[in-house]
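Remarks on the structure that follows.
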Ligand code: ATP
């Protein structure tokens, strides 16, 4: 095995007759961040949902840690180490911070879950300070941290984040991206959908662009992507 954690090949997916993705291929490496760019409605959320198993693809394959998981269920994919934080992921606002974390560890043995909760407090001290508070009382950035901490509870190998900066102040976005960088250094593979191109590119090891249901192959993208090039072609001037 190489360091290819996730390999998506020729993926076609959508909703009923609506084919949103037609031929999407990408790789996420362990210890690296792959950023997915594309205009609104390009199908970025559809891509993450399909990798998580929430949508069945029309075509193509999803290979994770060398196994074809294209036909497996979402819980099976979670068990194998795939985690998804959906856009505007709602934490359970009326539950406490600790209860939210425990929900993230529902499938884990009790002792492992307790260890993971304290690991979450080590990583995000503010969550430890607010462990007994209702999640709805946290700031938007803290709720995003809680959503990420919840997804990390079972110790995934791949973390997919769908626009984690949505609705957050720039300084908080930097905190979220610092977390992304820390997780990659711990060896996780990260698949990041993000509208804030410059912010996303600052943490990216690989960049893919979805347009018209296909990956666009850009000269110079991949490692050390040329952000001006990406911005000019796909996102208009800044
Ligand atoms: P955004 O940045 O706006 O979130 P996106 O790139 O994530 O966009 P998707 O949310 O994947 O795009 O949507 C891709 C297309 O699929 C859009 O045309 C959208 O209207 C359509 N779509 C999304 N969800 C559904 C659904 N549940 N049922 C039918 N069509 C959907």
Where residues in the stretch 29-43 are over 11 Å from the mean Cα position of the chain (by Cα) and crowded, with 24+ Cβ neighbours inside 10 Å, which of them is farthest from the ligand (Cβ to nearest atom)? 37
Members of the stretch 159-187 found to be closer than 16 Å to residue 32 by Cα and in a loop (DSSP other than H, G, I, E, B), listed by number: 186, 187
Of those in the stretch 188-204 that are more than 21 Å from residue 153 (Cα to Cα) and part of a loop (DSSP other than H, G, I, E, B), the residue farthest from the ligand (Cβ to nearest atom) is 204
Determine, yes or no, whether residue 24 is within 14 Å of the ligand (Cβ to nearest atom), in contact (Cβ under 8 Å) with a residue 40 or more places away in the chain and closer than 26 Å to residue 212 by Cα. yes
Unmet criterion (only one of (1) in contact (Cβ under 8 Å) with a residue 60 or more places away in the chain; (2) in contact with a strand residue (DSSP E or B) (Cβ under 6 Å, 6 or more places away or on another chain)) for residue 88: (2)
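Is it fair to say residue 97 is buried (at least 18 other Cβ atoms within 10 Å of the Cβ), in contact with a helix residue (DSSP H, G or I) (Cβ under 7 Å, 6 or more places away or on another chain) and within 23 Å of residue 194 (Cα to Cα)?
Judged against the criteria, residue 97 is not a match.
FYI, it's all coordinate maths here, none of it is from the lab. Please read these numbers as outputs of a predicted model, since none were measured by experiment. All Cβ positions, even for glycine, are placed from backbone atoms using ideal geometry, and neighbour counts span all protein chains on display.
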